[in-house]
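A quick write-up on the structure given underneath.
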Amino acid sequence: MKKRLLAALMVCVLAALPLAGCQSGGEGSTGDEIVIGGLAPLTGSVSVYGIATNNGVQMAFDEINAAGGVLGKQIKYVYEDEKGDATEATNAYRKLVDRDKVVAIIGDVTSKPAAAVAQASVADNIPIVTATATALNVTEAGKNVFRVCFTDPEQGEIMANYAQKLGKKTAAVIYDTSDDYSKGLRDSFKATAAELGITVVADEGFAKGAVDFRPQLTNIKAKNPEVLFVPTYYEQAALIAVQAKEIGLSTQIVGADGWDGVIGKVDKSNLDAVNGAYYCSQYTAESTDERVQAFIKNYKEKFGEEPNQFSVLGYDAAYMMAEAIKNAGSTEKQAIIDALTVLEYNGLTGQMHFDENRNVVKEAIIIRIDNGAYKFVENFSKE
């Protein structure tokens, strides 16, 4: 009896072996699903960025699944709220890798958590695409980390070149000394300005949490620069622009992608303070691309609000990850990384590929604020 039972068990085991051998892909791709993780601050002080980015990612994967998925499987998107904190982000990363067995990750959103996650990911060789983290050290962590947005230095270079295109010979900078984003932009703007023959006549910093910028702006006014670079997020940019108007500083203002949303932070009576300002972005709602207009329509229907640059970058990042998995023909980690390395993708934010440091290569979009509205000016490359 025991021999017959053992023989029966062996038959079952041998019958199962060919089936096991036919399974393709890696962890997180069992059954009919491919598990991709997401990291974003969905609560906390920077949740406005995390929610918008995560919404874009979700929308992309929903569309991909509705169209049949990838490699004949549906994408299961599992995401964690890291609250904008680096420690929370690394803990959330471990959950995605150890508990959910993800094959890849979209994230993180802001630079410090993204850098922490990137460092943690190297040993695991998990493919990571950040849609929005701009600090250089994020992709410097390892060859498994890719970026869809511009870096801080790149934006500073772009806006110094654009200042030259506007015919400016002298410039001033006002920046947040406590913020890596602001400092990185300021440093690259100054260095590029010097190369282009633009004299930086004033370089004014302010401390974290500052709300009164009049002392710095007064010093800048005394130097009479032809252009003022304000490399801050939109909340600070709105205050700086209004206070510049109050003290009679009427120089041309330029900014970077952190300005996206600035109009909403300026009272209607002060809209002239930001009118005429230029900033670089990666998205414009004025695009004539039918895909962009369809995205805007579908996003508003799905989430009940207008998309922003973060939403679009999240959307592009998700599609690029899915395209890499499709091109790899596998969910094996190194295969996905290799596919990302050579990926050419035409997304909502432009025609893109990654350079040798896994940073995106694409044109910037220059936006001008005109009568309380964001107006597309041109596509612009610093080369």
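Structure notes:
- Within the range 84-114, being in contact with a Gly (Cβ under 7 Å, 6 or more places away or on another chain) and either surrounded by fewer than 17 Cβ atoms within 10 Å (Cβ to Cβ) or among the acidic types (Asp, Glu) (or both) holds for Asp100, Lys101.
- Note on the range 336-383: enclosed strands (runs of 3 or more DSSP E) holding 2 or more residues that are touching a residue at least 60 places away in the same chain (Cβ under 8 Å) are 350-354, 364-370, 373-380.
- Index of the failed condition, Gly28 passing every other in (1) in contact with a strand residue (DSSP E or B) (Cβ under 6 Å, 6 or more places away or on another chain); (2) open to solvent by less than 20 Å² (accessible area, probe 1.4 Å); (3) modelled with pLDDT of 95 or more: (3)
- Residue check, Thr341 crowded, with 24+ Cβ neighbours inside 10 Å and closer than 27 Å to Val122 by Cβ: no
- Test: residue in the range 206-226 that is open to solvent by less than 50 Å² (accessible area, probe 1.4 Å), part of a strand (DSSP E or B), touching a helix residue (DSSP H, G or I) at 6+ places or on another chain (Cβ under 7 Å) and more than 20 Å from Gln155 (Cα to Cα): yes
- The requirement of being closer than 27 Å to Ile367 by Cα and among the acidic types (Asp, Glu) is fulfilled somewhere in the range 155-169, by at least one residue.
- Residues satisfying the stated conditions in the range 252-295, i.e. in a helix (DSSP H, G or I), of a type in the set (Asp, Glu) and closer than 26 Å to Met59 by Cα: Asp257, Glu290
- Any hit, the range 296-303, residues being within 21 Å of Cys149 (Cβ to Cβ) and either in a loop (DSSP other than H, G, I, E, B) or open to solvent by 20 Å² or more (accessible area, probe 1.4 Å) (or both): yes
- Verdict on Val173 being touching a Phe, Trp or Tyr at 6+ places or on another chain (Cβ under 9 Å), of a type in the set (A, V, I, L, M, F, W, C) and closer than 30 Å to Arg214 by Cβ: yes
Table: residues versus (1) under 22 Å from His353 (Cβ atoms); (2) buried (at least 19 other Cβ atoms within 10 Å of the Cβ); (3) touching a residue at least 60 places away in the same chain (Cβ under 8 Å); (4) of a type in the set (Phe, Trp, Tyr).
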site	(1), (2), (3), (4)
Glu82	no, yes, no, no
Ala116	no, yes, no, no
Pro127	yes, yes, yes, no
Thr130	yes, yes, yes, no
Asn137	yes, no, no, no
Gly142	yes, no, no, no
Met159	no, yes, yes, no
Thr177	no, no, no, no
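- Residue count, the range 49-61 (criterion: open to solvent by 40 Å² or more (accessible area, probe 1.4 Å) and either of a type in the set (Phe, Trp, Tyr) or in contact (Cβ under 8 Å) with a residue 12 or more places away in the chain (or both)): 1
- Set side by side, the residues Arg368, Arg358 differ, and just one is within 21 Å of Glu140 (Cα to Cα) and of a type in the set (D, E, K, R), which is Arg358.
- Filter result (assigned to a strand (DSSP E or B) and either at pLDDT below 95 or surrounded by fewer than 24 Cβ atoms within 10 Å (Cβ to Cβ) (or both)) within the range 161-175: Thr170
- Highlighted here are the helices (runs of 4 or more DSSP H) found entirely within the range 38-130 that include at least 3 residues which are of a type in the set (Ser, Thr, Tyr): 47-66, 86-94.
- Residue that is surrounded by the most Cβ atoms within 10 Å (Cβ to Cβ), among those in the range 281-295 that are over 20 Å from Tyr77 (Cβ atoms), hydrophobic (A, V, I, L, M, F, W, C) and within 18 Å of the chain's Cα centre (by Cα): Val292
Each row is one residue, and each column tells you yes or no for (1) touching a helix residue (DSSP H, G or I) at 6+ places or on another chain (Cβ under 7 Å); (2) crowded, with 21+ Cβ neighbours inside 10 Å; (3) acidic (Asp, Glu).
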| position | (1), (2), (3) |
| --- | --- |
| Ile247 | yes, no, no |
| Ser250 | no, no, no |
| Ile253 | yes, yes, no |
| Asp257 | yes, yes, yes |
| Gly261 | yes, no, no |
| Ala273 | yes, yes, no |
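The values are calculated or read from the model by the stated rules, or taken from the named source; none is laboratory data. On a predicted model such as this, the values are computed, not experimentally measured, just so you know. Positions of Cβ are backbone-derived with ideal geometry, glycine not excepted, and every protein chain shown enters the neighbour counts. Surface areas here come from the heavy atoms of the whole protein model, side chains and all, with no ligands, DNA or RNA. Shrake-Rupley method; radii C 1.70, N 1.55, O 1.52, S 1.80 Å.
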